[in-house]
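Have a look at the structure below before the remarks.
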Protein chains: 2
Amino acid sequence: MARQATGAAQRVAVAAETLRDEKFNARRVELAEAALETLGELGFARTSLREIAQNSAFTHGVFHYYFSDKLDLICCCVRHYKAKCVTRYDEVVTTARSRDELTEGFLAKLAATLQDEARMHRLWYDLRSQAMFEPAFRKDVLEIDKSLEAMIWRIATRYAELGNRKPASSPAALYALFDGLFQSALLRHLASDEKAIPDLLDEVRRLLPTIC
Amino acid sequence: MARQATGAAQRVAVAAETLRDEKFNARRVELAEAALETLGELGFARTSLREIAQNSAFTHGVFHYYFSDKLDLICCCVRHYKAKCVTRYDEVVTTARSRDELTEGFLAKLAATLQDEARMHRLWYDLRSQAMFEPAFRKDVLEIDKSLEAMIWRIATRYAELGNRKPASSPAALYALFDGLFQSALLRHLASDEKAIPDLLDEVRRLLPTIC
DNA sequence: CAATAATTTGGACAACCGTCAAGACGGCTG
DNA sequence: CAGCCGTCTTGACGGTTGTCCAAATTATTG
């Protein structure tokens, strides 16, 4: 068919196909978003396709239509999650005009994230742990980890810049530090430890000047 | 019965009971150890009691006899794991007579741990993530986290001491840093990244003098 | 040795899982 | 309008899961 088509017809066909693809992909994202709701509530292990469907406006068959596999669905969820996550602090970084301003903006967002999106973040830690067992997750997880490291690095270099300095440690070490602190605070927060968030803020406030 | 027993008979009965309890508990640990084998291989989510039994010398019924629940079994596994883990660096800490000696001893153990016990550690990270969803895990996990933090702190204070200094950061921040670095290195190592271990060692070698 | 208790076995059970396929629905095209 | 195609629904399938239990086996006690 495609071989016999004229140039114009080919272009139309291609355009139609990419439109279909876009629509298809938009639907995938829509389903992934719905799935994230349940995944954040129950975690990867306890979440079944049926449960996802029941907590959403879709039937469980649709998920099999748009995703070849349960892993395929989860991977799509993870990728979608990444896009949201990685730009969280960018506005603060670009608008802050002083170290204090950056510090306070960063801390405020940090606290809000921990408070409001705890479920999404515990899912992230869940999936990252699963990647240690399930090779299919590794590529996406490592990629997201890299983006998060870059995100932290943008904050740190800007913070250093505002004090005419350079960060005192590597991107990897800096990310490890913040990730470790956040993970610990998240667990404590979920365990109803009311000091989890203030303790994290204090720690970061103390740490920032010493590493940049 | 107990009411009518003489003092001596009571003591005998109590002794017998504690003996039974000890035996019971020893068996629990034995089963937990067998379970850890499969858990480290498959992770928490994919491990069933039947699979555990099949990979061990026990039948699946025994596990239900000694553990009220699957969670009960896992909790016992986690507690047992803790005891092994937390003393790993103690010998190095007590025998090292110089900063270099401590550094090299620590790094050697670190590399060996990552190399030889990767499966046990990914299980630990798995369970810690599960604790964010499953309240029943939280108490044990938080307790182990505390012990690990103390373990790192013992290393750091000793390292500082050998240089007549004091650690420059809090126990929590220091643990977060090392835990973050280790977690990242573990994931990369499991993804067959051959630079994972050397990179970790380089990073820690560079970091140690700056934080103590 | 007999009898009582503790331990172990292996199968049965209902519930749930991921997957699949046959068919229904609705819009678009020829 | 008829036919096709992408989309979606629904129910069924085989397999696995945690749990439970009755019977068998072993250890302990009187």
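Numerical summary
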read-out	value
Across the identical copies, how the A:D193 labels are spaced - nm, sorted shortest first, 7 Å along Cα→Cβ	2.8
Shortest-first distances to equivalent copies, position B:S48, nm, label 7 Å out along Cβ	1.3
Taking A:D140, B:D126, A:D90 and counting other C-beta atoms within 10 Å, the order from fewest to most	A:D90, A:D140, B:D126
B:E30 versus A:W153: modelled label distance in nm, points set 7 Å from Cα along the beta carbon direction	5.3
Scattering profile of chain B at q = 0.11, 0.15, 0.17 Å⁻¹ [log10 I(q)/I(0), Debye over alpha-carbon scatterers]	-0.66, -1.00, -1.17
Total charge dipole magnitude, chain B, about the Cα centre, Cβ charges on Lys, Arg, Asp, Glu only, Debye to nearest 20	580
Inter-chain Cβ neighbour average for residues A:182-188, partner chain, 10 Å	5
Exposure proxy ranking, count of Cβ atoms within 10 Å, fewest first, for B:T87, A:T113, B:T94	B:T94, B:T87, A:T113
Geometric extent, Cα atoms of the protein assembly as shown - Rg, Dmax (angstrom)	25.6, 106
A:K146-B:E51 pseudo-label distance in nm [points 7 Å out on the Cα-to-Cβ vector]	3.0
Average other protein chain Cβ within 10 Å of Cβ, residues A:169-176	6
Student exercise, the protein assembly as shown dipole from Lys, Arg, Asp, Glu Cβ charges, in Debye to nearest 20	140
Under the span-like rule (Cα at least 15 Å along the axis, Kyte-Doolittle mean at least -0.5), DSSP H helices of chain A	A:7-46, A:70-85, A:99-116, A:135-162, A:171-190, A:196-211
A:A83 versus A:E41: modelled label distance in nm, points set 7 Å from Cα along the beta carbon direction	2.4
Protection proxy ranking of B:24-31, B:99-106, A:131-138 - average other beta-carbon atoms within 10 Å, highest first	A:131-138, B:99-106, B:24-31
Relative contact order, percent, chain A [alpha-carbon distance under 8 Å, six or more residues apart]	19
Average beta carbon contacts from partner chains per residue of B:133-146, 10 Å cutoff	3
Separation between Cα centres of segment B:103-128 and segment A:154-179, rounded to whole Å	27
Per-residue Cβ neighbour rank within 10 angstrom, fewest leading, B:Y66, A:Y125	B:Y66, A:Y125
Selection from B:I74, B:A150, B:N55 lying farthest towards where the dipole of the protein assembly as shown points positive, charges on Cβ	B:A150
Position B:L71, label points 7 Å along Cα→Cβ, spacing to each other copy in nm (shortest first, one decimal)	3.0
Cα-based reach from A:K195 at 18 Å (exclusive), listing lysines while leaving out same-chain residues under 8 positions away	A:K109, B:K139, B:K146
Calculated P(r) of segment B:86-211 - Cα pairs past 24 Å, %	28
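Taken together, the values in this text are just the output of simple stated rules run on the coordinates, not laboratory data. Please read these numbers as outputs of a predicted model, since none were measured by experiment. Backbone-built Cβ (ideal geometry, glycine too); neighbour counts: all protein chains shown.
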